[in-house]
1. How much FRET efficiency would the formula 1/(1 + (r/R0)^6) give for ALA42 and LYS70, where r is the Cβ-Cβ distance and R0 is 35 Å, rounded to 0.05?
2. Return the unpartnered cysteines for the chain, using a Cβ-Cβ cut-off of under 4.7 Å.
3. If you rank GLU268, GLU342 by fewest surrounding Cβ atoms within 10 Å, what's the result?
4. Sorted from largest to smallest, which semi-axis lengths in Å does the alpha carbon gyration tensor of the chain give for its equivalent ellipsoid, taking the root of 5 times each eigenvalue?
5. Separation of the range 1-56 and the range 135-162 by C-alpha centroid, Å?
6. Exposure proxy check: CYS26, CYS164, CYS54 ranked by fewest other beta carbons within 10 Å?
7. Hey, which of these cross-link pairs are over 25 Å Cα-Cα: LYS39/LYS224; LYS253/LYS299; LYS39/LYS61?
8. If I stretch the segment between LYS217 and ASP249 completely, what's the gain in nm (0.36 nm per residue apart, minus their alpha carbon distance), one decimal?
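Laboratory data are not the source of any read-out in this text; all were calculated from the coordinates shown. If you're wondering where the values come from, they're calculated on a predicted model, not measured in any experiment. Ideal geometry is used to build each Cβ from the backbone, glycine not excepted, and the neighbour counts take in all protein chains shown.
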Amino acid sequence: MLRAYRYRLYPSEDQKVVLAKHFGSCRFVWNYFLDLNNKRYAEERRSTSFKQMCRELTLLKKEDEYKWLKEVNSQSLQQSLLHLETAYRRFFKKLGEEPVFKRKHKKKSFTVTQRFNIIDNRLFIPNFKGPIRMFRHRDFDGEVRSITISQSPSGEYHASILVCEQDPDVLQMPVAEESAIGIDMGIRTFATLSDGTQIHKPKHIIQSEMKLGKAQKNLSRKRKGSQNRGKQRVKVARLQEHIANQRKDFLNKVSDVLTRTYDTIAVEDLSLKEMMKGNHHRAKAVADAGWYTFRMMLKTKASQRGKNFTEIGRYEPSTRMCSACGHVKSHMRLSERRFVCERCGYTDDRDVNAAINIRRFALISEGVPTESGELTPVDRRTTALELLAREGIRASALVEAGSPRV
Ligand SMILES: [Zn+2]
């Protein structure tokens with residue numbers, strides 16, 4: 001299995017200059033060939049292959065105007081082309097966004113695939129005099145496939161090391177009713193579980209977001225091109241990175257607890273693209289909450305621990321269906337916080353009802369009978385709540401687990 005390890009880099013001033021050259025040249029190559037490909041596609045309706053782009057790059061480097069491209073590692077330039085081809089391929093398969101031009105102030109990166117070496121806290125890559133200092137806070141074991149060096153908008157350098165690790169033999173857990181949990185992702189509450197547990201967004205993230213809002217407003221007031229604007233931009237970037245780290249930490253902890261406590265985890269297959277298209281504020285909230293990242297983490301951790309991760313179809317009426325009798329409401333507004341069934345009289349929190357349905361759809365799709373309608377046993381919920389509390393995550397229990405449902 002491939003796994004990425006990220007370490008902070010501390011390059012010397014001389015190395016920073018060479019790094020900047022690599023970032024700039026890789027960005028140039030990406031933008032140059034993106035432009036060329038777009039024009040070619042508009043005129044001739046054909047896309048350019050990676051191999052052809054590499055040949056054209058070799059010719060380009062021979063021209064006087066572009067000979068500065070020779071100063072950087074040629075495999076890194078070729079990697080830019082490979083990334084570009086992959087981006088196109090994903091776009092044509094409707095798996096990703098259309099590739100866009102890379103801008104100077106965004107995150108910068110380049111990839112090295114050969115002739116690198118890591119010895120203790122030193123990273124050796126071609127075209128650099130001496131090693132780059134690296135803070136190796138954790139170890140890895142396996143064959144290194146590639147190294148991506150990046151600089152964040154606030155100016156920090158990182159190396160992301162892709163390592164091929166041997167899979168440990170994990171025991172695959174069976175899908176069973178008593179150890180399955182359904183998760184409903186929300187905007188008011190981060191996540192609601194089918195056993196009535198609500199996981200809340202951490203207060204420190206909310207505070208950081210408010211700070212960021214203020215800093216961004218401040219930035220928009222600064223005169224374009226002024227020195228103060230530049231300073232403020234770094235401040236905003238630093239805050240954004242800080243929030244991203246806090247969020248990642250939170251999502252890691254929650255996904256960790258859930259994949260430890262439950263054997264089967266069911267979520268809704270939210271078509272992110274569809275959601276992003278709709279309401280602008282909702283789309284931002286979805287992106288900010290990190291739903292996509294969270295699901296990826298659940299999936300990875302579940303597979304590492306031999307647990308099951310199931311996504312239910314996005315056309316299943318999880319919100320509008322009564323989890324007690326199966327009656328489907330024709331309409332349910334976002335403002336309705338409680339689910340009230342007009343057929344059997346069952347009433348529950350809107351999100352808990354949805355999470356119970358998500359769990360049931362998942363069990364049905366896995367071929368597990370769900371006649372009893374039992375909730376997850378109390379002890380598992382207690383364990384989850386305890387583990388979450390230990391990690392400092394706000395969570396509360398909404399309904400008495402196992403209580404008879406009307
Ligand atoms: Zn009902």
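1. Between ALA42 and LYS70 the formula returns 0.70.
2. If one checks each Cβ against the other cysteines of the chain, CYS26, CYS54, CYS164 turn up with nothing under 4.7 Å.
3. Details: GLU268 24, GLU342 9.
Lowest count first: GLU342, GLU268.
4. On the way: eigenvalues 407, 114, 107 Å².
Taking √(5λ) for each Cα gyration eigenvalue gives 45, 24, 23 Å.
5. About 18 Å separates the Cα centre of the range 1-56 from the one of the range 135-162.
6. Neighbour counts put them in this order, fewest first: CYS164, CYS54, CYS26.
7. Values: LYS39/LYS224 32 Å; LYS253/LYS299 14 Å; LYS39/LYS61 21 Å.
Over 25 Å Cα-Cα: LYS39/LYS224.
8. Details: separation 32, 0.36 × 32 = 11.52 nm, distance 2.65 nm.
So the chain would gain 8.9 nm between LYS217 and ASP249.
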